[in-house]
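To start, the structure itself, in structure tokens.
The values are calculated or read from the model by the stated rules, or taken from the named source; none is laboratory data. Note that the structure is a prediction, hence the values are computed from the model and not measured. Neighbour counts are summed over all protein chains in view; Cβ atoms, including those assigned to glycine, are modelled from backbone coordinates with ideal geometry. Surface accessibility is based on the protein's heavy atoms, side chains included, excluding ligands, DNA and RNA. Shrake-Rupley method; radii C 1.70, N 1.55, O 1.52, S 1.80 Å.
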Amino acid sequence: MSGWSRIANVFRLPRVDRDIDAELESHFDEARTEGRDPAEVGREFGSRLRAHEGVRDVIVATWLESLVADAIFGWRQLRKHKAASAAALLSLALGIGACTAAFRLIDALFLRPLPVADPGRLYVLSYGTFDDSGKAGTSTASDYPGFRELRAVVKGEAELMAISSPDRIDVAYSSDAEMERAYQQYVSGWTFAEFGLKPALGRLFTEADDLKPGAHPYAVLSYDYWSRRFGRDPRILGSTLHAHNRVFQIVGVAPEGFTGTGTGAFTDLFLPIMMANAEVTNPNLVWFTTWVRLRPGIDPERVRQQLRAAVLAHRREVVKLWLPDVVRRVGGHYLSAPVFLDPAAAGFSFTQQTYRLALAILAVLVALVLLIACANVANLMSAQAAARAREMALRVAIGAGKRRLVQLVLMESLLLALMASALGIVFAWWAAPFVVGMISPPDSPARLILPADWRVTSFAVTLTFAVTLLFGLAPALRAFSVKPASALKGGDDPHARRHLMHVLIAAQVAFCFLVHFVAGLFVSTFERLANTPTGFSSARVLTLETASKAPEDPNIWYQVVQHLRSLPGVESAAVSGLTLMSGRVWTEDVWANGHSPQQYQPAWFLGISPGWFETMKIPLLEGRDFRPDETHPHVVIVNQAFASRYFDGRSPVGRTIEIPNGSARAKAEIVGLVQDARYDGMREPIQPTLYAATLVPGFTGANFATFTVRTKSANPMALASILRYEIPRARSEFRVWNIRTQQELVDDQTIRERMLAMLSLFFATVALVLAGVGLYGVLDYMVVGRRRELGIRIALGARNGDIARRVTVDVFSMLLLGSACGLGLGLGSARYIATLLYQVKATDAPMLALPAITILAAALLAALPPVLRALRIDPSEMLRAE
């Protein structure tokens with residue numbers, strides 16, 4: 001009989017038994033028909049039951065039959081102890097669900113390969129960098145002239161592609177009134193061909209589209225954006241869109257599934273790299289990432305060495321254009337920086353680099369949450385195993401093998417794990433998108449692919465079997481080591497049997513403390529960073545990034561400012577060359593009060609118009625604001641940090657300094673001192689900043705600037721459409737291409753801390769629930785097992801306090817032991833993580849108090865129902881039961 005038939009017979013045992021009995025009976029009938037003595041026939045056949053079992057073993061897969069029988073028995077045991085089983089099921093479901101949700105996030109961000117041909121041959125070129133103080137770092141930013149040189153060096157062994165990071169822009173498909181937000185990505189014309197991608201509609205870029213700056217204004221839509229924005233309308237081909245003060249023709253749609261190379265963000269529009277215009281010709285502007293695709297069989301190290309030599313040669317030429325002071329300060333570091341090829345099969349993005357270490361720490365926290373769940377269930381299973389010691393002893397006494405007992409216990413554990421996994425997967429399906437939505441800022445949401453495919457399913461199945469072994473091993477070993485004679489006589493000291501349970505309680509409390517300490521660190525860091533003073537008021541402020549067709553004199557920009565100030569709903573307005581907290585800064589050397597650039601890092605510069613300080617609510621401490629007729633470089637305004645560095649904190653107003661003016665140096669008078677305000681970033685100290693009466697570093701006309709408008713309305717976006725219309729109405733050559741609130745820019749500075757705080761708080765809550773549920777389940781099971789003892793004590797006059805103490809004393813002593821261990825472990829871990837992530841020391845006092853109070857309060861709440869159940873035991877019912 002085939003193996004499949006034997007397996008199928010397991011699930012139709014009643015019919016198989018009837019067929020075997022009928023077959024045996026037919027043999028007896030045949031013997032009687034032949035006239036043989038029934039007694040003689042019975043002796044010849046032997047035991048009919050033995051014959052039945054022998055035939056049954058041949059035609060039925062006995063190993064599967066025993067598993068099915070153990071599963072049915074395990075299900076009955078779970079139903080018999082509903083409270084303990086529910087606690088175990090909830091604990092495991094939360095633990096498995098939390099782990100699966102975390103895996104979905106990590107897989108989407110770091111592990112899932114790009115949907116391109118052979119992604120394992122993709123790398124990103126990165127460079128060693130040094131800041132002006134000599135501190136080492138890495139960067140992937142490249143300039144286009146240097147990129148061309150590198151591409152020629154490795155041609156034949158690798159192909160280089162210039163790909164920018166996804167960037168949010170405003171686009172219009174018919175008029176300015178229909179402006180909408182989209183994410184763009186500049187790519188080399190040969191990128192799609194190198195990735196092995198085919199268009200879903202129309203065509204993709206070719207190298208011919210990427211030969212001359214500004215010559216081919218074409219755009220390719222992503223499949224996701226085409227579906228979401230245009231409902232997959234094929235008539236979109238040939239239509240135009242307005243972006244960057246230009247008109248682009250849509251020539252195709254990228255294939256389904258490809259949403260760009262920036263993991264964590266979806267690209268809506270792809271543009272040829274040559275359409276970046278000025279950026280592709282400026283050797284001093286680094287703004288995109290160089291991707292490397294190796295040819296089959298090529299050694300990455302060989303390509304890296306070739307690129308290293310080419311980078312060094314290119315940098316030697318760049319250094320020749322630097323000022324001597326800059327060469328002396330950073331030239332040596334710049335020329336000696338190493339070159340790396342970083343694997344990029346899963347894509348490359350700022351999100352990955354920012355969150356890699358943070359998510360690794362969170363993965364450890366999730367593993368601790370799962371261990372807490374496993375400790376809970378192991379406790380409950382151990383309690384059940386102790387209560388079933390006599391049952392196991394009887395099974396051994398009547399012939400059951402110890403291997404079969406281990407199978408019985410593990411099957412019950414597996415059944416529990418499978419049910420918990422089903423609930424956990426449902427929880428993970430909801431939790432992962434929910435957490436992503438919670439940590440994403442509304443202006444720049446994280447966009448991750450979170451499918452429940454074979455990767456997630458395989459992880460969940462592997463996790464299920466792993467936790468089965470984790471929490472089922474202890475009761476299985478107890479069943480394996482059972483001694484029938486001892487167990488039937490009453491067994492060993494009942495208190496000794498609870499030692500493992502007590503150790504597990506202490507362990508899960510310690511783990512819970514560790515999770516809460518780390519969560520407390522992340523939450524307190526986020527609150528501290530979010531409440532860090534910026535030095536300006538971001539409320540009701542709207543920033544409008546605007547471009548002109550050609551460089552315009554600052555006075556032209558100031559005229560538009562005057563027009564904006566006259567509009568209803570506008571409180572004040574100004575214009576600046578860059579936007580605060582935008583990630584872009586302008587730095588220059590300064591000669592002031594006898595200090596040369598060799599002594600300090602370059603100062604930060606920001607070009608502004610008169611009235612900008614008033615609009616941003618930055619207090620003027622001394623001196624005056626710029627006048628409309630003043631020009632750069634004759635007058636400047638500085639902040640307190642500048643005065644502290646260059647003038648030892650004394651008043652700099654009226655003093656003269658020297659700043660670069662092209663290839664020469666020019667004298668500038670300091671006419672004002674303002675309060676320190678953050679230019680870029682919330683983590684570093686405020687840098688010495690010099691405010692200039694110009695909009696661009698070149699001191700000539702600007703073709704890009706940012707209008708800053710403070711509105712009277714609490715919602716500044718309510719004026720966005722009006723302001724977008726009024727700026728080109730005032731000057732037809734101006735076009736607004738991006739609008740953001742200043743508060744959104746400030747909030748962007750804390751995205752990582754917000755994510756860490758939200759996720760750690762989420763998992764800390766799960767850990768707390770697990771600890772409480774596990775403690776409740778163990779105490780409840782212990783009360784049920786000691787009902788007779790407690791009933792007798794109550795009958796003999798025991799007080800409620802004595803009953804409550806006997807029920808909880810052992811468990812709470814382990815809880816205090818676990819708390820002590822958790823305090824030390826949690827504080828040490830929090831200090832290490834604070835140093836690793838933030839380069840600061842953790843604050844001990846708040847971190848010590850809050851987790852301890854929270855966990856102990858949860859423990860008291862979890863212990864209350866079992867204690868009340870013990871106090872409500874009726875002694876008379878115990879006596880009648882006897």
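Looking for whichever is outside any loop (DSSP other than H, G, I, E, B) and open to solvent by less than 40 Å² (accessible area, probe 1.4 Å) here; the options are Glu545, Glu527. Which one fits?
Numbers: Glu527 fails: open to solvent by less than 40 Å² (accessible area, probe 1.4 Å).
From the options Glu545, Glu527, the qualifying one is Glu545.
For the stretch 244-293, how many residues meet the condition of being under 30 Å from Glu317 (Cβ atoms) and charged (D, E, K, R)?
Qualifying residue count for the region: 2.
Determine, yes or no, whether Val811 is open to solvent by less than 50 Å² (accessible area, probe 1.4 Å), among the β-branched types (Val, Ile, Thr) and at negative phi. Can you show your working first?
Details: open to solvent by less than 50 Å² (accessible area, probe 1.4 Å): yes; among the β-branched types (Val, Ile, Thr): yes; at negative phi: yes.
So Val811 passes the test.
Helices (runs of 4 or more DSSP H) wholly in the stretch 732-805 with at least 3 residues that are open to solvent by 30 Å² or more (accessible area, probe 1.4 Å) and in the same structural domain as Gly818 (by TED's automatic domain parsing) - which ones? Full working, then the answer.
Values: elements: 742-748, 751-785, 787-795.
Correct list: 751-785, 787-795.
Would you please list the contacts, defined by Cβ atoms under 6 Å and residues six or more apart or on different chains, that run from a residue in the stretch 289-317 that is exposed (fewer than 12 other Cβ atoms within 10 Å of the Cβ) to a residue that is assigned to a helix (DSSP H, G or I)?
Note: no pairs meet the criteria.
Looking at the stretch 555-575, which of its residues are in a strand (DSSP E or B) and either outside the structural domain of Tyr679 (by TED's automatic domain parsing) or out of contact with any Gly (no Cβ under 6 Å at 6 or more places or on another chain) (or both)? Steps first, answer last, please.
Taking the stretch 555-575 and keeping what is in a strand (DSSP E or B), we get 570-575.
Passing the criteria: Val570, Glu571, Ser572, Ala573, Val575.
Out of all the residues in the stretch 97-118, which are of a type in the set (Lys, Arg) and buried (at least 22 other Cβ atoms within 10 Å of the Cβ)?
As a first pass, look at the stretch 97-118 and keep what is of a type in the set (Lys, Arg): 104, 112.
Of everything in the stretch 97-118, just one residue is of a type in the set (Lys, Arg) and buried (at least 22 other Cβ atoms within 10 Å of the Cβ), namely Arg104.
Looking at Tyr691, Tyr679, can you tell me which residue is among the aromatic types (Phe, Trp, Tyr), in contact (Cβ under 8 Å) with a residue 60 or more places away in the chain and part of a loop (DSSP other than H, G, I, E, B)? Walk me through it before giving the result.
Numbers: Tyr691 fails: part of a loop (DSSP other than H, G, I, E, B).
Checking each option against the conditions leaves just Tyr679.
Return the pairs, sorted by first residue and then second, in which the second residue is open to solvent by 30 Å² or more (accessible area, probe 1.4 Å), the first residue lies in the stretch 776-792 and is under 14 Å from Val809 (Cβ atoms), the beta carbons are less than 6 Å apart, and the residues are 6+ apart or on different chains.
Val783/Arg869
Filter the stretch 250-277 for residues that are over 31 Å from the mean Cα position of the chain (by Cα) and modelled with pLDDT under 95; which is surrounded by the fewest Cβ atoms within 10 Å (Cβ to Cβ)?
Within the stretch 250-277, the first condition is being over 31 Å from the mean Cα position of the chain (by Cα), and the residues that meet it are 250-252, 274-277.
Then drop every residue that is not modelled with pLDDT under 95, which leaves 274-277.
Values: Met274: 23, Met275: 23, Ala276: 21, Asn277: 13.
So the residue we want is Asn277.
Against the condition of a type in the set (D, E, K, R) and either modelled with pLDDT of 85 or more or not in a helix (DSSP H, G or I) (or both), how does Asp342 come out, does it pass?
When the stated conditions are applied, Asp342 passes them.
Out of (1) out of contact with any strand residue (DSSP E or B) (no Cβ under 6 Å at 6 or more places or on another chain); (2) within 24 Å of Glu256 (Cα to Cα); (3) buried (at least 22 other Cβ atoms within 10 Å of the Cβ), the odd one out for Ile163 is which?
(1)
Listed here are the residues, each with its yes/no results for (1) modelled with pLDDT of 85 or more; (2) open to solvent by 20 Å² or more (accessible area, probe 1.4 Å); (3) of a type outside the set (Val, Ile, Thr); (4) in the same structural domain as Thr694 (by TED's automatic domain parsing).
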position	(1), (2), (3), (4)
Asp493	no, yes, yes, no
Ala496	no, yes, yes, no
Gln508	no, no, yes, no
Pro551	no, yes, yes, yes
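Which strands (runs of 3 or more DSSP E) does the stretch 589-640 wholly contain that include 3 or more residues that are open to solvent by less than 30 Å² (accessible area, probe 1.4 Å) and either within 28 Å of Val709 (Cβ to Cβ) or assigned by TED's automatic domain parsing to the domain that holds Gln562 (or both)? Don't jump to the end; show me each part of the working.
On the way: elements: 603-607, 620-623, 635-639.
In the stretch 589-640, 603-607, 635-639 are the strands (runs of 3 or more DSSP E) which contain 3 or more residues that are open to solvent by less than 30 Å² (accessible area, probe 1.4 Å) and either within 28 Å of Val709 (Cβ to Cβ) or assigned by TED's automatic domain parsing to the domain that holds Gln562 (or both).
Do we find a residue being open to solvent by less than 30 Å² (accessible area, probe 1.4 Å), at pLDDT 75 or above and in a helix (DSSP H, G or I) anywhere in the stretch 841-849? Talk me through it step by step, then tell me what you get.
Of the residues in the stretch 841-849, the ones open to solvent by less than 30 Å² (accessible area, probe 1.4 Å) are 842, 847.
Checking the rest, the ones that are also at pLDDT 75 or above come to none.
For the stretch 841-849, residues open to solvent by less than 30 Å² (accessible area, probe 1.4 Å), at pLDDT 75 or above and in a helix (DSSP H, G or I): absent.
Within the stretch 644-659, identify whether any single residue is touching a helix residue (DSSP H, G or I) at 6+ places or on another chain (Cβ under 9 Å), of a type in the set (Ser, Thr, Tyr), touching a residue at least 12 places away in the same chain (Cβ under 8 Å) and under 29 Å from Ile556 (Cα atoms), and answer yes or no.
no
Which residues, counting only those in the stretch 664-693, are of a type in the set (S, T, N, Q) and either more than 29 Å from Glu744 (Cβ to Cβ) or surrounded by 20 or more Cβ atoms within 10 Å (Cβ to Cβ) (or both)?
Restricting attention to the stretch 664-693, the residues satisfying the condition of being of a type in the set (S, T, N, Q) are 675, 687, 689.
If the condition is that a residue be of a type in the set (S, T, N, Q) and either more than 29 Å from Glu744 (Cβ to Cβ) or surrounded by 20 or more Cβ atoms within 10 Å (Cβ to Cβ) (or both), then Gln687, Thr689 are the ones that fit.
Please state which one of Ile722, Ile727 is among the β-branched types (Val, Ile, Thr) and open to solvent by 50 Å² or more (accessible area, probe 1.4 Å).
On the way: Ile727 fails: open to solvent by 50 Å² or more (accessible area, probe 1.4 Å).
Step by step, each of Ile722, Ile727 is checked, and only Ile722 is among the β-branched types (Val, Ile, Thr) and open to solvent by 50 Å² or more (accessible area, probe 1.4 Å).
Would the stretch 246-260 turn up any residue that is without any contact (Cβ under 8 Å) to a residue 40 or more places away in the chain, more than 16 Å from Ala162 (Cβ to Cβ), part of a strand (DSSP E or B) and β-branched (Val, Ile, Thr)?
First, pick out the residues of the stretch 246-260 that are without any contact (Cβ under 8 Å) to a residue 40 or more places away in the chain: 246-249.
Applying the additional criterion that residues be more than 16 Å from Ala162 (Cβ to Cβ) yields 246-249.
Applying the additional criterion that residues be part of a strand (DSSP E or B) yields 246-249.
Subsequent filtering for residues that are β-branched (Val, Ile, Thr) retains 247.
Yes, some residue in the stretch 246-260 is without any contact (Cβ under 8 Å) to a residue 40 or more places away in the chain, more than 16 Å from Ala162 (Cβ to Cβ), part of a strand (DSSP E or B) and β-branched (Val, Ile, Thr).
Within the stretch 560-575, how many residues turn out to be surrounded by 22 or more Cβ atoms within 10 Å (Cβ to Cβ) and under 15 Å from Phe536 (Cα atoms)?
Counting residues in the stretch 560-575 that are surrounded by 22 or more Cβ atoms within 10 Å (Cβ to Cβ) and under 15 Å from Phe536 (Cα atoms) gives 2.
Residues of the stretch 223-245 being over 14 Å from Leu201 (Cα atoms) and either free of Cβ contacts under 8 Å to residues at least 24 places away in the same chain or open to solvent by 20 Å² or more (accessible area, probe 1.4 Å) (or both), which ones?
Matches in the stretch 223-245: Arg228, Arg229, Thr240, His242, His244, Asn245.
Scan the stretch 191-222 for residues that are closer than 22 Å to Ser142 by Cβ, under 34 Å from the mean Cα position of the chain (by Cα) and open to solvent by 20 Å² or more (accessible area, probe 1.4 Å) and jot them down.
Ala193, Glu194
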